[in-house]
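Take a look at the structure set out below.
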Amino acid sequence: MSSVFKTGFLLAVLTAMLVLFGGALGGQQGMLVAFVLAAAMNVASYWFSDRIVLRMYGAQPVDEAQAPGLHASLRRLTTRAGIPMPRVYLIASDTPNAFATGRDPHHAAVAVTAGILRVLDDQELEGVLAHELAHVRNRDVLIATVAATLAGAITYLAQMAQWAAIFGGRGRDDEEGSSPVALIFMAVLAPIAALLVQMAVSRAREFQADATGARLAGHAQGLIGALQKLERANAAVPIAGANPATAHLFIVNPLSGRALLRLFSTHPPLEERIARLRGLRG
């Protein structure tokens, strides 16, 4: 299934959720407003979603003079992968993690936290960078970033619906208004549905990126060691301000391992990822 088809399908599903949500909030008029909003967001998420996500985490561009080792590793790996050098960003967080974003390999960016540069050794960092470049080469960073943008919008509308239900808000239709029960139902269901869509897209991508990244790096051991360190660190101290709508972008879940959202984790179990990597190494 091509990345274009996957992106189109994802846009259609999340747009339908927004429109249904608009109907629950405001009847036919709400559906129309939600459709216009969804159309605008689809355009914005395609062209600007990478900038939106980078800004959410306060990521700052770093050049080769500021991070020579990071740039050298990325240049070596991009040469092997046959893709252009991505833009490089640094997130001022002590929690080690990383993600890639961008609509295609020619407009890609890789963001790493300050913590990952401190915690990982050179081989482990190379494994993480290879994993992120695998996402770029496999052309699935667009899907992940679009999902993050639109799922965030659905979550925001769900919060609006919750307040509308609390204060007795009623949507109006030509014949009958939407009930507070419908508002509560949509407020609970929509974020879960958006998260499940992300899960369906994300889990298969992570396995594929692990395998491709191991081949790009020439070994699996670095990525295995990195995953073990990153999983423990993020479970203990999540990234401050991590948004559930963007959790699937990161190489490991940036949310607390104790969170209820762990039940709907966008990432495969660590043990299964490592088992598959060890199988590749063998």
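When you check D63 against the structure, is it within 21 Å of D140 (Cα to Cα) and of a type in the set (D, E, K, R), yes or no? Here the answer is no, as D63 does not meet what is asked. Filtered by the rule that a residue be modelled with pLDDT under 95 and over 17 Å from V53 (Cα atoms), the range 106-117 gives a lone residue, H106.
Report every pair of residues separated by at least 6 positions or lying on different chains whose Cβ atoms are under 6 Å apart, first residue within the range 232-253 and closer than 18 Å to P268 by Cβ, second among the charged types (D, E, K, R). Pairs that qualify, where the first residue is closer than 18 Å to P268 by Cβ and the partner is among the charged types (D, E, K, R), are V252/E231. Tell me yes or no: at least one residue of the range 13-22 is buried (at least 21 other Cβ atoms within 10 Å of the Cβ), touching a Gly at 6+ places or on another chain (Cβ under 6 Å), part of a helix (DSSP H, G or I) and modelled with pLDDT under 75. Looking through the range 13-22, at least one residue is buried (at least 21 other Cβ atoms within 10 Å of the Cβ), touching a Gly at 6+ places or on another chain (Cβ under 6 Å), part of a helix (DSSP H, G or I) and modelled with pLDDT under 75.
Number of residues in the range 229-240 that are farther than 15 Å from L117 by Cα, out of contact with any helix residue (DSSP H, G or I) (no Cβ under 7 Å at 6 or more places or on another chain) and either at pLDDT below 80 or not in a loop (DSSP other than H, G, I, E, B) (or both) equals 3.
Restricting to the range 75-87, name every residue that is surrounded by 21 or more Cβ atoms within 10 Å (Cβ to Cβ) and under 21 Å from the mean Cα position of the chain (by Cα).
In the first step, residues of the range 75-87 are kept if they are surrounded by 21 or more Cβ atoms within 10 Å (Cβ to Cβ); the result is 77-78, 86.
Hit for the range 75-87 is P86, nothing else.
Scanning the range 47-67 for residues that are surrounded by 12 or more Cβ atoms within 10 Å (Cβ to Cβ), among the hydrophobic types (A, V, I, L, M, F, W, C) and in contact (Cβ under 8 Å) with a residue 40 or more places away in the chain returns I52, V53, L54, M56, A59, A67.
Consider L261 carefully, then state whether it is at pLDDT 65 or above and surrounded by 15 or more Cβ atoms within 10 Å (Cβ to Cβ).
Details: at pLDDT 65 or above: no; surrounded by 15 or more Cβ atoms within 10 Å (Cβ to Cβ): yes.
Judged against the criteria, L261 is not a match.
The values are calculated or read from the model by the stated rules, or taken from the named source; none is laboratory data. Bear in mind that the values here come from a model prediction, so they are computed numbers and not experimental data. For neighbour counting, all protein chains shown are included, and Cβ atoms are generated from backbone atoms with ideal geometry for every residue, glycine included.
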